[in-house]
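Participant: Okay, handing you the structure first.
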Amino acid sequence: MRRRNPPEAEPKPECLCMGMGPKLTALLECGSDAARQHFRNARLEVLKAMRALIDERIEHLSRAGRARGAKVPVE
């Protein structure tokens, strides 16, 4: 069997934030306590949303895991 060469991969960025990290850090270090509190609350809400998605996925996989697979004869 002949192997195929994988397609040319696009160059990957150095990090997931694609260089926005330092800019976001500067933005979050603003002097406003009210803005800082809003960003903190937003971070907590994002984490809660991620937790809800993970919980839903766990529940889905748990239900699917209860179903038994079919036996397939192997020669």
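Participant: Please determine, by comparing only the residues of the stretch 43-75 that are of a type outside the set (Val, Ile, Thr) and not in a helix (DSSP H, G or I), which one is modelled with the lowest pLDDT.
Facilitator: To start, the set of residues in the stretch 43-75 that are of a type outside the set (Val, Ile, Thr) comprises 43-45, 47-53, 55-57, 59-71, 73, 75.
Restricting the remaining residues to those that are not in a helix (DSSP H, G or I) gives 67-71, 73, 75.
Values: 67: 61, 68: 67, 69: 69, 70: 78, 71: 83, 73: 88, 75: 83.
For the stretch 43-75, the residue satisfying everything is 67.
Participant: Search the stretch 35-57 for residues that are free of Cβ contacts under 8 Å to residues at least 40 places away in the same chain and pair each with any residue that is in a helix (DSSP H, G or I) and surrounded by 10 or more Cβ atoms within 10 Å (Cβ to Cβ) when their beta-carbon atoms are under 7 Å apart and the residues are at least 6 apart or on different chains.
Facilitator: 39/28
Participant: Only residues that are assigned to a loop (DSSP other than H, G, I, E, B), exposed (fewer than 10 other Cβ atoms within 10 Å of the Cβ) and either at pLDDT 75 or above or among the charged types (D, E, K, R) (or both): list them for the stretch 1-37, please. Talk me through it step by step, then tell me what you get.
Facilitator: First, pick out the residues of the stretch 1-37 that are assigned to a loop (DSSP other than H, G, I, E, B): 1-20, 29-32.
Pick out the ones that are also exposed (fewer than 10 other Cβ atoms within 10 Å of the Cβ) and you get 1-16, 18-19, 29, 31-32.
Passing the criteria: 2, 3, 4, 8, 10, 12, 14, 18, 19, 29, 32.
Participant: Given the conditions (1) at pLDDT 70 or above; (2) basic (Lys, Arg); (3) loosely packed, with under 10 Cβ neighbours inside 10 Å, report the number of the one that residue 40 does not fulfil.
Facilitator: Among (1) at pLDDT 70 or above; (2) basic (Lys, Arg); (3) loosely packed, with under 10 Cβ neighbours inside 10 Å, the lone unmet condition for residue 40 is (3).
The values are calculated or read from the model by the stated rules, or taken from the named source; none is laboratory data. Predicted model, so just to flag it, every value in this text is computed and none were measured. Positions of Cβ are backbone-derived with ideal geometry, glycine not excepted, and every protein chain shown enters the neighbour counts.
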